[in-house]
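Everything on this sheet refers to the single structure shown next.
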Amino acid sequence: MAKKIGVIVFPGSNCDHDAYHAMKHVMNAETEFLWHKDTNLDGIDLLIVPGGFSYGDYLRSGAIARFSPVMNAVQGYVKEGRPVLGICNGFQILLEAGLLPGAMLHNEKLRFVCKNVHIRVENTQSQFMSGLEKGDVLKIPVSHGEGNYFIDENGLESLEENDQIAFRYCTAEGEITEEANFNGSVSAIAGITNLKGNVLGMMPHPERAMEPILGNSDGIVFFTSVFNTLQLA
């Protein structure tokens, strides 16, 4: 049976079509949009919570979207051990919903940043990452104003002990530097997983790095790992 990917659409989402195109037309997977009022996730093999500005980022990023009806279904989906990928605003929504630990602050220099960055693979044990090697460096674009990941010392220690840190910002050579950590995230964190490894949140946009015409196709490397690990192909 063909595997199906669901892409949630919230009012204000602007990366939902990017994710849909990447999955359906580049990865050649059966893909459908899910409206934020949908509550039935039956038949979805990978759920993507995309980037954008859900509900205009009022209050704070993801704070209103977490109350959308679909998020109750997402909570149940996660409890069943099924895979959820949150990208940028999707990551923020998963944090607000309590599906991932920590919070997002405004970028350290209080500026919106849109550019290619490098991220280093830190964990290959999750449901998404086994097709990658620890230490691999990917060039992936970011586009956010609130990507400064924060967690307290105890929380960071827990993330490290449980191998929940998926990606860190780095140089092209894989070095963790202050300059590479452009938004000021704690421990240069660019992405994390939950304890079970079936929820991944990341600020960079792999769906925007899927075709050579864009000047960057490292997103294919990431999604190939996701598809192989989850047997979506």
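Side notes on the structure shown:
- Residue pairs meeting the criteria (Cβ under 8 Å; at least 6 apart or on separate chains; first in contact (Cβ under 8 Å) with a residue 12 or more places away in the chain, in the stretch 119-136; second charged (D, E, K, R) and surrounded by 20 or more Cβ atoms within 10 Å (Cβ to Cβ)): Ile119/Arg168; Arg120/Arg168; Glu122/Arg168; Lys134/Glu122; Gly135/Arg120; Asp136/Arg120
- When residues of the stretch 116-126 are limited to those that are assigned to a loop (DSSP other than H, G, I, E, B) and crowded, with 21+ Cβ neighbours inside 10 Å, the one modelled with the highest pLDDT: Glu122
- Extreme residue, farthest from Arg82 (Cα to Cα), among residues of the stretch 192-225 that are surrounded by fewer than 24 Cβ atoms within 10 Å (Cβ to Cβ) and among the β-branched types (Val, Ile, Thr): Ile213
- Condition met for Asp45 (under 21 Å from Gly197 (Cβ atoms) and of a type in the set (Asp, Glu)): yes
- Residue within the stretch 56-76 that is assigned to a strand (DSSP E or B), of a type outside the set (A, V, I, L, M) and surrounded by 15 or more Cβ atoms within 10 Å (Cβ to Cβ) present: no
- Residues satisfying the stated conditions in the stretch 127-137, i.e. surrounded by 21 or more Cβ atoms within 10 Å (Cβ to Cβ) and either among the aromatic types (Phe, Trp, Tyr) or within 25 Å of Asn107 (Cα to Cα) (or both): Phe128
- Breaking point among (1) within 13 Å of the chain's Cα centre (by Cα); (2) surrounded by fewer than 17 Cβ atoms within 10 Å (Cβ to Cβ); (3) of a type in the set (A, V, I, L, M, F, W, C), for Leu99: (2)
For (1) basic (Lys, Arg); (2) part of a loop (DSSP other than H, G, I, E, B); (3) at pLDDT 95 or above; (4) surrounded by fewer than 23 Cβ atoms within 10 Å (Cβ to Cβ), each residue gets a yes or a no:
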{"residue": "Cys114", "(1), (2), (3), (4)": "no, no, yes, yes"}
{"residue": "Tyr149", "(1), (2), (3), (4)": "no, no, yes, no"}
{"residue": "Glu157", "(1), (2), (3), (4)": "no, no, yes, yes"}
{"residue": "Asp163", "(1), (2), (3), (4)": "no, yes, yes, yes"}
{"residue": "Phe167", "(1), (2), (3), (4)": "no, no, yes, no"}
{"residue": "Ile176", "(1), (2), (3), (4)": "no, yes, yes, yes"}
{"residue": "Asn181", "(1), (2), (3), (4)": "no, yes, yes, yes"}
{"residue": "Ala190", "(1), (2), (3), (4)": "no, no, yes, no"}
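- Test: residue in the stretch 48-57 that is at pLDDT 95 or above and out of contact with any His (no Cβ under 9 Å at 6 or more places or on another chain): yes
The values are calculated or read from the model by the stated rules, or taken from the named source; none is laboratory data. Keep in mind that what you see is a predicted model, and the values were worked out from it rather than measured. We place every Cβ from the backbone using ideal geometry, glycine too, and count neighbours over all the protein chains shown.
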